[in-house]
Amino acid sequence: MDSCIFCKIISGEIPSTKVYEDEYAYAFKDLNPQAPVHVLVVPKRHVKNLTEASKLSDNESAGFLRAVENTARLLGLDEGGYRVIMNAGENGAQTVMHLHAHILGGAKLSEKMA
Ligand code: AMP
């Protein structure tokens, strides 16, 4: 999608700090970290958010989920644990309309989710 900043990050048009990449997904550091480790994982195919997740093929969906697992392991978060957040739409406070999972970790996070 031409105007999508995450599509531009995936294509390399906008720079990012890459953490992980495979056929289905791309992971990069969040510009405005909310935890000691804050990385975004995005499917390479543009879909708006989870409300459009069924537009992804089964392979793309599974690849996206596996990329979250692989990214967390690469970051060394799998032992101590981490949080995954996916905002959707206005009430979910989503600001970038390309499906993404926030991986937050590197410290004991608050028990509050909102
Ligand atoms: P959300 O509010 O769930 O849509 O999250 C969007 C996230 O994208 C925010 O945490 C932003 O800090 C992050 N973000 C926006 N632009 C960039 C960028 N160019 N590089 C890395 N992270 C970005």
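The values are calculated or read from the model by the stated rules, or taken from the named source; none is laboratory data. It should be emphasised that the depicted structure is a prediction, and the values quoted were computed from it without experimental measurement. Methodologically, a virtual Cβ is constructed for each residue, glycine included, from the backbone with ideal geometry; neighbour enumeration extends over all protein chains shown. Surface areas here come from the heavy atoms of the whole protein model, side chains and all, with no ligands, DNA or RNA. Shrake-Rupley method; radii C 1.70, N 1.55, O 1.52, S 1.80 Å.
So what's the back-of-envelope 222 nm ellipticity for the chain, counting only DSSP H runs of four-plus at -39500 (n - 2.57) apiece and dividing by all residues, rounded to 500?
-6500 deg cm²/dmol
Using a 1.4 angstrom probe and counting only protein chains, how large is the accessible area of Glu60 in Å², to 10?
30
Any chance you could look up the accessible area of Leu50 with a 1.4 Å probe, heavy atoms only, rounded to 10 Å²?
90
Given labels modelled 7 Å from the Cα in the Cβ direction, how far is it in nm from Arg66 to Asp2?
If labels sit at Arg66 and Asp2, their model points lie 3.4 nm apart.
Among Val68, Asn32, His46, whose Cα projects farthest towards the positive end of the dipole of the chain, with charges put on the beta-carbon of Lys, Arg (+1) and Asp, Glu (-1)?
Sorting the options by dipole projection puts first Asn32.
Set the Förster radius R0 to 41 Å, insert the Cβ-Cβ distance between Glu111 and Glu13 as r into 1/(1 + (r/R0)^6), and round the FRET efficiency to 0.05.
Between Glu111 and Glu13 the formula returns 0.55.
Label-point separation (nm) for Val96 and Gln34, each offset 7 Å from Cα along Cα-to-Cβ?
1.3
In debye, nearest 20, what is the charge dipole magnitude of the stretch 5-113 about its Cα centre with +1 on Lys and Arg Cβ and -1 on Asp and Glu Cβ, if you could check?
My answer is approximately 200 debye.
Let me know the Rg and Dmax you get for the stretch 5-113 when you use only its Cα atoms, in Å.
13.2, 37
Normalising by the residue count of the chain, find the relative contact order in percent from Cα pairs under 8 Å and 6+ residues apart.
30
If ligands, DNA and RNA are left out, what is the accessible area of Met86 with a 1.4 Å probe, given in Å² to the nearest 10?
Number for this one is 70 Å².
On a 0 to 90° scale, report how tilted helix 58-74 is relative to the longest principal axis of the chain, with both axes built from alpha carbons and the result rounded to the nearest 10.
For helix 58-74, the angle is close to 30 degrees.
Keeping to pairs on different chains or 8 or more places apart, tell me how many lysine pairs in the chain have Cα atoms under 14 Å apart.
5
Measuring from centroid to centroid over Cα atoms, what is the spacing of the stretch 71-114 and the stretch 7-34 in Å?
15
Find, among the trypsin sites (Lys or Arg not before Pro) in the stretch 24-76, those assigned to loop by DSSP (not H, G, I, E, B) with at most 13 other beta-carbon atoms within 10 angstrom.
none
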